[in-house]
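Values in this text are rule-based calculations from the coordinates and carry no lab data. This structure is a prediction, so every number in the text was calculated from the model and none was measured. Here the Cβ positions follow ideal geometry from the backbone for every residue, glycine too, while neighbour counts run over all protein chains shown.
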Amino acid sequence: MPQILYTVRATCRDVPQRGRFLAWLSPNHVLQVMAAGASGVRIVVIDRAADTAPAIVETQYVFPSRKAFDTYVRDHAPALRADGLKHFPPESGVTYERQVAEIAAEF
C-alpha cells in the first residue's frame, strides 16, 4: 500500500510574514497533524535569490496509507485548517495550495 505525500504550499507576502507563519506552523501545528495520522513531516522554505516577495513555505506530510490520509481529511483537517485561517485569514495575503500524491519510491 503506497504512502501518501500531502504538500501544503503557503505563499506569504514577504519574509517577515513568512517568519510569523513558520512560528505558528512549527512545532504546534505540525505536531497536531502528526497526532492526527501523519508519520513524518518536512518543512521547506523555498530559496529565492534575494529575499524578495513572495516568501513560500512548503510543508510535506507523509501519511502511511490512503486510509490514514482520508481519515485525517475527514476527522481532523477542517479544524486544523480553520485554525490556520484564524491566524492567517484571506485578507492577510497568505494563500494556500494543496497537493496529494502517492510515493512511488524512496531511496
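Rounded, prolate or oblate for region 44-107? Axes are the square roots of the Cα gyration tensor eigenvalues, ordered a ≥ b ≥ c, and the cut-off for rounded is a/c under 1.5. Judged from the Cα gyration tensor, region 44-107 comes out oblate (a/c at least 1.5, b/c at or above a/b). Dipole magnitude for the chain: computed about the Cα centre from +1 point charges on Lys and Arg Cβ and -1 point charges on Asp and Glu Cβ, it is near 160 debye. When the alpha carbon gyration tensor of the chain is reduced to an equivalent ellipsoid, its three semi-axes come out at 25, 17, 11 angstrom, largest first. Nearest 10 degrees, 0 to 90: what angle lies between the long axis of helix 66-75 and the longest principal axis of the chain (Cα atoms)? So the inclination is approximately 60 degrees.
Relative contact order for the chain: 47 percent, from Cα pairs under 8 Å spaced at least 6 residues apart, divided by residue count.
Angle of helix 15-24 to the longest C-alpha principal axis of the chain, folded into 0 to 90 degrees and rounded to 10: 40°. Axis angle, to the nearest 10 degrees, between helix 77-87 and the longest C-alpha principal axis of the chain: 10 degrees.
Checking every one of the trypsin sites (Lys or Arg not before Pro) in region 1-102 against DSSP loop status and a limit of 13 other Cβ atoms within 10 Å picks out Arg48.
Counted by Cβ distance under 14 Å from Ala35, the other residues give a net charge of -2, where Lys and Arg count +1 and Asp and Glu count -1. Diagonalising the gyration tensor over the Cα atoms of region 1-43 and scaling each eigenvalue by 5 before taking the square root yields semi-axes of 23, 13, 6 Å, largest first. For region 66-107, GluC sites (Glu not before Pro) meeting the loop criterion (DSSP other than H, G, I, E, B) and having at most 10 other Cβ atoms within 10 Å: Glu106.
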